[in-house]
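The values are calculated or read from the model by the stated rules, or taken from the named source; none is laboratory data. The model shown is predicted, which means the values in this text are computed figures rather than measured ones. For neighbour counting, all protein chains shown are included, and Cβ atoms are generated from backbone atoms with ideal geometry for every residue, glycine included. Note: accessible area is taken over every heavy atom of the protein model, side chains too, but ligands, DNA and RNA are not part of it. Shrake-Rupley method; radii C 1.70, N 1.55, O 1.52, S 1.80 Å.
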Amino acid sequence: MDPKYEAVIGLEVHAQLLTDTKIFCGCSTKFGSAPNTNVCPVCLGHPGVLPVLNKKVVEFAVLMGLATNCTINKKSIFARKHYFYPDLPKNYQISQYEEPICEHGYITIELKDGTKKKIGITRIHMEEDAGKSIHDQGFDTLIDLNRTGTPLLEIVSEPDIRSPEEAYLYLAKLKQILTYLNICDGNMEEGSLRCDANISVRLKGETKFGTKTEVKNMNSFRNVERALAFEIERQIDLLEDGKEVIQQTLLWDADANIAYPMRSKEEAHDYRYFPEPDLMPVIVTEEWKNEILKLMPELPDSRKERFINQYNLPAYDAEILTSSRELADYYEKILTVTKDYKSASNWVMTEVLKVINDEKITINEFPVSPENLGKLIELINRNIISGKIAKDVFPEMLKTNKDPEEIVKEKNLVQITDTTEIEKVIEKILSQNQKQVEEYLSGKDKVWAFFVGQIMRETKGKANPQIVNELLKSKLEAIKNKSL
């Protein structure tokens, strides 16, 4: 990006809520049902029907507002947002406009250089989703209204974001909070987290905003980053050529890596907002707000700080372990069995996450229970098995989720700690490898690794490495002294 310009970015994020039923009727919100099966006269907009607000939606909205430092408005009202589109059966969407449920919040992101930045949240409001238009089935447009009436939170940021990287970090933090609260699954590919971006550019030092465009259709965090980078450069090129930026809505084409115009951008008055006459105002009393606050889990930032302070973990470990609530829970369940905090962290960050990433599964689907992983770590710490043997036991645990102690007994993997037995093996290896003994005595220290390798092979990896090293050193020193 040309250093004399700066980008001004605001994001509008739609989070689909994890309620069992829709916002104004009793239809299921289950994803993947046959088209047009989770519908009723209310969400289809039939004449004479009346919406009834789902209380759980309000609770989820208040939770998200509290988690993002918002003011929770005692009174909020619903409004009708009018526009025509085939997948909007009423020709209006029930949303909130002038009086939303949450306002004036912020979240904090951490940039690559370690500095922290607050990104303001203008508002969070409740609304219903539209249906889905399907264009790629070999027919004219098909309409699936299952999604119609699914509850959404729209989270609107202040124009505080200055780069695609900051936008990525903001989105990642929002998703993390939503999933910690267990109010949205954060799946962008399935459309349960969607993002539109408003972008303008201006000369650095300028206080006025430039003309903004809106980019839609970004279905992953990386696509958001790429789309923003493209649009920033496009606007700068126009300004450098003396041309104007036109206010319009653009669609992002991830395959072509370009954004192309969809329509000129609407203003608020184009939607003819007015208060929804069929719904009463939503009143959130202080008492109700405090009841909802009791549902608040430990949030990621405070959990990360606790992991650093309570378990003496590096910030990097704590960041990864608290990246999701489920992963943090898994780690802490390991600690009910072992107090070796760092070893538990190492096993989760290497072996556990490797399997999860390779198999494309979630931590909830991971076959080894945290208690059994804790037992495996304790077997190493009690010198019953070596770290090397543990790496052989772990794949067996993945297949069976058996208690590691059972596996160790079945396969006779208990570590050899008997010094007499280990001494016999060392004497045998040294006697069979006189040439290497002479090399070591002549100062070639690299031969040490050869001896250790041979001893471990002879004992099938079961000899205690610490005892092996101590006894081997003693034996070689004795030979050296004898030869002097």
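Scan the range 372-384 and give yes if some residue there is open to solvent by less than 30 Å² (accessible area, probe 1.4 Å) and of a type in the set (S, T, N, Q), otherwise no.
Scanning the range 372-384, I find at least one residue that is open to solvent by less than 30 Å² (accessible area, probe 1.4 Å) and of a type in the set (S, T, N, Q), so the answer is yes.
Have a look at GLU458, GLU470 and point out the one that is under 18 Å from SER386 (Cβ atoms), modelled with pLDDT of 75 or more, open to solvent by 70 Å² or more (accessible area, probe 1.4 Å) and in contact with a helix residue (DSSP H, G or I) (Cβ under 8 Å, 6 or more places away or on another chain).
The conditions single out GLU458.
Which residue pairs have Cβ atoms closer than 8 Å, lie 6 or more positions apart in sequence or on different chains, and pair a first residue in the range 366-382 that is on the phi > 0 side of the Ramachandran plot with a second residue that is open to solvent by 20 Å² or more (accessible area, probe 1.4 Å) and in a loop (DSSP other than H, G, I, E, B)?
Between residues of the range 366-382 that are on the phi > 0 side of the Ramachandran plot and residues that are open to solvent by 20 Å² or more (accessible area, probe 1.4 Å) and in a loop (DSSP other than H, G, I, E, B), there is no close pair.
Conditions (1) more than 23 Å from ASP2 (Cβ to Cβ); (2) aromatic (Phe, Trp, Tyr); (3) open to solvent by less than 40 Å² (accessible area, probe 1.4 Å), marked per residue:
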residue	(1), (2), (3)
GLY191	yes, no, yes
ILE199	no, no, yes
LYS204	no, no, no
THR213	no, no, yes
ASN217	yes, no, no
GLU225	no, no, no
GLU231	no, no, yes
GLU240	no, no, no
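State all residues of the range 135-166 that are out of contact with any helix residue (DSSP H, G or I) (no Cβ under 9 Å at 6 or more places or on another chain), surrounded by 22 or more Cβ atoms within 10 Å (Cβ to Cβ) and among the hydroxyl-bearing types (Ser, Thr, Tyr); if no residue qualifies, say none.
Answer for the range 135-166, where residues must be out of contact with any helix residue (DSSP H, G or I) (no Cβ under 9 Å at 6 or more places or on another chain), surrounded by 22 or more Cβ atoms within 10 Å (Cβ to Cβ) and among the hydroxyl-bearing types (Ser, Thr, Tyr): THR148, THR150.
Can you tell me how many residues within the range 16-41 are free of Cβ contacts under 8 Å to residues at least 40 places away in the same chain, open to solvent by 40 Å² or more (accessible area, probe 1.4 Å) and of a type outside the set (A, V, I, L, M)?
The qualifying residues number 7.
Could you tell me how many of the residues in the range 385-401 are surrounded by fewer than 17 Cβ atoms within 10 Å (Cβ to Cβ) and farther than 18 Å from THR338 by Cβ?
The qualifying residues number 6.
Note down all Cβ pairs under 6 Å where the first residue falls in the range 304-329 and is touching a residue at least 12 places away in the same chain (Cβ under 8 Å) and farther than 23 Å from GLY186 by Cα, the second is open to solvent by 30 Å² or more (accessible area, probe 1.4 Å) and of a type outside the set (A, V, I, L, M), and they're at least six residues apart or on different chains.
Here the result reads TYR311/TYR341, each pair linking the range 304-329 to a residue that is open to solvent by 30 Å² or more (accessible area, probe 1.4 Å) and of a type outside the set (A, V, I, L, M).
Is it the case that some residue within the range 353-363 is open to solvent by less than 50 Å² (accessible area, probe 1.4 Å) and among the charged types (D, E, K, R)?
Within the range 353-363 (the criterion being open to solvent by less than 50 Å² (accessible area, probe 1.4 Å) and among the charged types (D, E, K, R)), the answer is no, since none of the residues qualifies.
Go through the range 69-90 and count every residue that is among the β-branched types (Val, Ile, Thr) and without any contact (Cβ under 8 Å) to a residue 40 or more places away in the chain.
Qualifying residue count for the region: 1.
Quick check on my filter: what residues within the range 427-450 are modelled with pLDDT of 75 or more and aromatic (Phe, Trp, Tyr)?
Hits for the range 427-450 are TRP448, PHE450.
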